[in-house]
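The values are calculated or read from the model by the stated rules, or taken from the named source; none is laboratory data. Quantities reported herein were computed from a predicted structural model and do not represent experimental measurements. Reconstructed Cβ throughout: ideal geometry from the backbone, glycine too, with neighbour counts over all protein chains shown. For the accessible areas, the whole protein counts, side chains as well, though only heavy atoms, and no ligand, DNA or RNA atoms are used. Shrake-Rupley method; radii C 1.70, N 1.55, O 1.52, S 1.80 Å.
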Amino acid sequence: MIKWFIIHQFKQSFRSTIWQKNLIINIILGFFVFIIILEVLVGGIYLADKWQEIFPDSDPVSKFNGFIGYYFAFAFILRFFMQNVPVLTIQPYLHLPVKKSSLINYVLVKSFLNFFNFLPLFFVIPFAILQLSQFYPLSTVWVWLLSIILLVLSNNLLIVYLKKQLVANSKIVAFFGLFIAALLLLDYFKLISFSELSTAIFGHIIEYPYLIIILVLIMLSIYILNYFFLKSHLYPEEINIKKEKKTNAITNIKYLQTLGIIGEIIALDIKLYWRNKRTKTIIYMTPIFLLYGLFFYPQETSSEGFGFLIFIGIFMTGGLMLNYLNYAFSWEGRYFDYILTSNIDAEKYIRVKFIISLLVCTFSFVVTIPYVLFGVKILLINFITFLFNIGVISFVLLYNATFNKKSMDLSKGATFNYQGMGASNWLVMLPVFLLPIFIYFPFNYFGVPYTGLIVVGLLGISGLLFNKSILKIITKQFYKRKYKMAEGFREKG
Amino acid sequence: MIEAKELTKNYSGTTVLNIPELKINKGESFGLVGNNGAGKTTFFRLILDLIRPNSGGVWINNKNVAKSNNWKLFTGSYLDEGFLIDFLTPEEYFDFVGNTKGLSKGDIDDFLKTYKEFFDGQVLGKKKYIRDLSSGNQMKVGVAAALMGTPEILVLDEPFNSLDPSTQIRLKNLLRKLKTEKQVTMLISSHDLNHVTEVCERIVVLQEGDIVHDIKTDKDTLKELEDYFAV
């Protein structure tokens, strides 16, 4: 039976339209994965090699063991939010004479093949080779490695279990979240110590290798826990993501109603964002996104030119808009036929996209004003890039969006979800980020950087002034592309 | 009122629809039947300017649908779930559609009251998004939305599909009423020969993209169609 599952799974992934049509995206993704693995591996080798220099006054093995506890706490939180729970689409098998147990075992074992499970190995193995093997016999090194793998797998199974429980019984998950938070707090206030705890655990395992049986038992018991939970919940409606039973009342905002049909479409877009899983994840990630500045600005303010700051400015004040406009029409792919047959005027429809971008950009600009603390020139550049974003880039994106004919599946989360993204959505990033810098650079070269900034800003303002005519051009383009778009959107998936 | 001329549509070399000439008069109830792949939905999509014809076109009131938007004002349509905004509640969807058709809040409330029986207590006030409704109830929402603002032209693709028996009968009565009282021009496709002969006064049979029959409905029509489709 398992053989069939594996064959079906392969067919599913290789026949999915994403794989067939988006070679470029797959290459980019593969490249990212490769880079991440490479970075971890190089980091792992470097640390293992220089360990004695970095932590000179402690025993390297127990010091490393101490970090493992933190790693698992951190990985647990990260994975809880990032990891997609693998589900074999079980529905087509349920009415067939297929043993439930083989279905469940397949789902669970498959979850081991997760990227997150392999990543720590690239870090741990160099340490085992370069450090541990210097102090202990090979068999102990194997036991140590095996115990880490067992913990990684336990962690994985626990995530699967909790994510499933999130559907069935969210209280358990809340309880667990509180438990982890409490542990971290206790550690922070030095009431207990993660590092001592994990040093002790792994120290004991190194000393008494047979203790690894405890870790085996832990993993097995979580496996069994999962197994029975899935067995008693093997109904599609219970196993899959909870359908939203309640409706949320975004009561029509009074002001929007006074705007007539334009207000209606704006309200529709707000509901679209608020009521679909994929778009909602984007909303939730917005604060994190806006905090990126903390990453860049502290280092950049000292530099002389504005080039890189312009790049960041475009990103900070336009990132949200980029996400919205890049898929301006494919967000609505599922009901695009309705849009086309309805009495909504295409020009107004496109104007709404522009108005929303204006609001989103303004929001981003206002929220990033506090970064002025890192220097007044950040505020200046963000204002300039804000103008450029809304007056030039918005139109570029909107025009480009007419080339995207893949409907977005909104029911899945946004992390690691590249469904519906096309090559054009990636390629447009180039002009978005490079255009303002290209305009600015000649001026910088001739020693008049501020003139360069003013030119960039003026381009934005003129785009704003001529928005009516530019939107007309985009509407024309929309009419030209609408059949192609509608046809693409009708092919779901 | 609706006119198709030299209308063809090809997909990768094969002709899926070829209608040299077809006229549908005002107030006519026009039924479209045919097996899967006969071109029914393609024809409706061409009428609604959702796909581009390879040649010819469709004219509503002597205006090419691809070149004018005017027809949208008085044409109600429902082909498939692609017409529903699935993250809205039915009430919100009706509000939105009503608004695009220029109805006031009062008009919309009146409309919903009239269709209370049609919804059969299954659609309104359930606090559910359209995506969480059953396919039958989604069909009710789509058909009702197409009827908002009393359109002059109504295009429905297999409206009897997935409806329960009571609603099928209600829909038939409703369509007959619209025809006699409001002279709505109706284009309805169906796999169910019974329904379509009951509602439509003219039936066109499509086969592999060609019109093979164009008949006025009388008491023998059903028998005739059954003979035609019998294998």
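Here are some notes:
- Taking the stretch B:6-108 and the strands (runs of 3 or more DSSP E) fully enclosed by it, the elements with 3 or more residues that are within 12 Å of chain A (Cβ to nearest Cβ) are at B:75-78.
- Test set (1) open to solvent by 10 Å² or more (accessible area, probe 1.4 Å); (2) over 21 Å from A:L471 (Cβ atoms); (3) touching a Ser or Thr at 6+ places or on another chain (Cβ under 8 Å) - A:N400 fails condition number: (2)
Matching residues to (1) in contact with a strand residue (DSSP E or B) (Cβ under 9 Å, 6 or more places away or on another chain); (2) open to solvent by 40 Å² or more (accessible area, probe 1.4 Å); (3) at pLDDT 80 or above:
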| residue | (1), (2), (3) |
| --- | --- |
| A:Y46 | no, yes, yes |
| A:D59 | no, yes, yes |
| A:I68 | no, no, yes |
| A:F72 | no, no, yes |
| A:F80 | no, no, no |
| A:L88 | no, no, no |
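- Against the test of being at pLDDT 85 or above and either among the small types (G, A, S) or more than 19 Å from A:G293 (Cβ to Cβ) (or both), the options A:V448, A:V360, A:V367 yield a single qualifying residue, A:V448.
- Of the set (1) of a type in the set (V, I, T); (2) at pLDDT 85 or above; (3) in contact with a Phe, Trp or Tyr (Cβ under 8 Å, 6 or more places away or on another chain), all apply to A:V42 but (3).
- Neighbours by Cβ (under 8 Å, 6+ apart or cross-chain): first from the stretch B:83-102, closer than 15 Å to B:K128 by Cα; second among the hydrophobic types (A, V, I, L, M, F, W, C) and open to solvent by 40 Å² or more (accessible area, probe 1.4 Å): B:P90/B:L124; B:E91/B:L124
- Filter result for A:F308 (touching an Asp or Glu at 6+ places or on another chain (Cβ under 8 Å), open to solvent by 10 Å² or more (accessible area, probe 1.4 Å), closer than 27 Å to A:W426 by Cβ and not charged (D, E, K, R)): yes
- Scan of the stretch B:24-52 for residues that are hydrophobic (A, V, I, L, M, F, W, C), touching a residue at least 40 places away in the same chain (Cβ under 8 Å) and within 21 Å of B:G82 (Cα to Cα), ordered by number: B:L32, B:A38, B:F43, B:F44, B:L46, B:I47, B:L48, B:I51
- Reported count of residues in the stretch B:149-163, each being touching a residue at least 40 places away in the same chain (Cβ under 8 Å) and either of a type in the set (S, T, N, Q) or more than 9 Å from B:S189 (Cα to Cα) (or both), is 5.
- Identity of the residue in the stretch B:172-194, of a type in the set (A, V, I, L, M) and surrounded by fewer than 22 Cβ atoms within 10 Å (Cβ to Cβ), that ends up farthest from A:Y335 (Cα to Cα): B:L193
- Any hit, the stretch B:199-211, residues being in contact with a helix residue (DSSP H, G or I) (Cβ under 8 Å, 6 or more places away or on another chain), under 22 Å from B:T114 (Cβ atoms) and not polar (S, T, N, Q): yes
- Identity of the residue in the stretch A:438-493, open to solvent by less than 60 Å² (accessible area, probe 1.4 Å) and of a type in the set (S, T, Y), that ends up nearest to A:I381 (Cα to Cα): A:Y440
So that you can scan it fast, the table gives a plain yes or no per residue for (1) within 11 Å of another protein chain (Cβ to nearest Cβ); (2) at pLDDT 85 or above; (3) surrounded by 12 or more Cβ atoms within 10 Å (Cβ to Cβ):
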| position | (1), (2), (3) |
| --- | --- |
| A:N240 | no, no, yes |
| A:T247 | yes, no, yes |
| A:I250 | yes, no, yes |
| A:K254 | no, no, no |
| A:T258 | no, no, no |
| A:A267 | yes, yes, yes |
| A:K271 | yes, yes, yes |
| A:K277 | yes, no, yes |
| A:K280 | yes, no, yes |
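- All conditions but one from (1) part of a loop (DSSP other than H, G, I, E, B); (2) within 14 Å of another protein chain (Cβ to nearest Cβ) apply to B:A145; the one that does not is (1).
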